[in-house]
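Only the coordinates and a few stated rules stand behind these numbers; no lab work does. All of these numbers come straight from a predicted model, not from anything done at the bench. Using ideal geometry, Cβ is built from the backbone for each residue, glycine included, and neighbour counts are taken over all protein chains shown.
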Amino acid sequence: MVEFVLQDVFVAAVSQVLITCQGKGIRVSCNLPERYMKQTVYGDGVRLQQILSDFLFVSVKFSPVGGSVEISCSLTKNSIGENLHLIDLELRYVSHDICTLTLLSVKTVLRYKMMCINSCGSMFFRIKHQGKGVPADLLSQMYEDDNKEQSDEGMSLAVSRNLLRLMNGDVRHMREAGMSTFILSVELASAPAK
């Protein structure tokens, strides 16, 4: 697990689709509460950025010219008790002559490699766009595991869905009148408040 700030992931994901948005005159709005944007979490920020940008790209592609794409999120925290301590311990071979020095360095490694997590929870991202929505055949490519004739977009959505599943999450798609929404869930651990 790597520590990252959600704002950094969102900025990078949105910046990856800006040129496509400008070409179609699409406005991207991020309705993300400040407390989530500044939230420090533990997980795979690089993969989360890839996932968000893939779903954003598909949403922009299937939005009408002059339309809009909206990103929102919510976090459901689950407390793990008082604290959960994760320890990264390095094992090294040491000769018997410097045994006391090794014990001191292991204590130092433990002190500096310990990270405290106060809760974990599910983060839900909603990517909503206007228009008829994503074609049904593209959505089916996302949910099929061994489709030999996947399009580029279908493959990127399938890979993103598999990455979400590795992060104890998944994706759902909803269609409403004139709107289409991807709902992404992912499990992240949050850092204690500073």
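As a test of the definition: which semi-axes, in Å, follow for segment 133-194 when you take the square root of five times each eigenvalue of its alpha carbon gyration tensor? Largest first, please.
Square roots of five times the eigenvalues give 26, 17, 8 Å.
I want the local charge near F182. Using Cβ-Cβ distances under 14 Å, sum +1 for each Lys or Arg and -1 for each Asp or Glu among the other residues.
+1
What is the local net charge at L18, summed over the other residues whose Cβ is closer than 12 Å to its Cβ (Lys, Arg +1; Asp, Glu -1)?
Result for the local shell: +2.
Take the Cα coordinates of segment 1-79, assign each an equal point scatterer, and use the Debye formula without solvent to give log10 I(q)/I(0) at q = 0.16 Å⁻¹.
Cα-only, vacuum Debye calculation for segment 1-79: -0.61.
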